[in-house]
Amino acid sequence: MFNEEGKEATKLKKVMDWLSNKEWGLMVLDEVHVVPAMMFRKVISLINHKCKLGLTATLVREDDKIEDLNFLIGPKLYEADWQDLSAKGHIANVECVEIICEMTAEFYREYLRQPKKKKSIVGDTSIDLPEASCLIQISSHFGSRRQEAQRLGRVLRAKRRHDPGFKIQKKYIIQPKDNNF
């Protein structure tokens, strides 16, 4: 099932055998928006369980597979709006500012020449910055809706109400002017 070899493959097989040979009650899936990916589908299909609960702060995918969650996990039962949570004081307030600036043709050409790995996605998933109170995002191609939500979540994380950072968090989006590139 997994493309592992040697000692790691043996360990992985033992873990998967242990997981799949038991009857589990509740399977909790954090970051459930990734479940439609093929590997996650395979894993959850191998584990015997009575009930599934999927959690995510960003129920967004750029492909059409988000609807697959209805049959993989079940229907969405609850959704909280981040603006309501902010207004009620559960998460920090946020101020988003977009700054549009010039991008030289030379800079843009150099950016396009870079391999995809160098144009890496930072701050999207698996990162926790609870003390962050400002996010500066520099983007020439904007980002996916999921990326935007994940990045905004980095500064909206719960903070102590009396800390200076709780009042207003800032997110700056720096976009180049459209120079017909």
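Values in this text are rule-based calculations from the coordinates and carry no lab data. Nothing here was measured: the structure is a model prediction, and the numbers come from that model. Here the Cβ positions follow ideal geometry from the backbone for every residue, glycine too, while neighbour counts run over all protein chains shown.
Numerical summary
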| quantity | calculated |
| --- | --- |
| Residue-span extension gain [residue 10 to residue 144] - 0.36 nm each, minus C-alpha spacing | 44.5 nm |
| Under-5 Å amide H pairs with residue 54, H placed in peptide plane, nonlocal only | 29 |
| Modelled FRET efficiency - R0 35 Å, residue 107 with residue 84, Cβ distances, 0.05 increments | 0.30 |
| Sequence-distant residues sharing a close amide H with residue 96 (under 5 Å, placed H) | 171 |
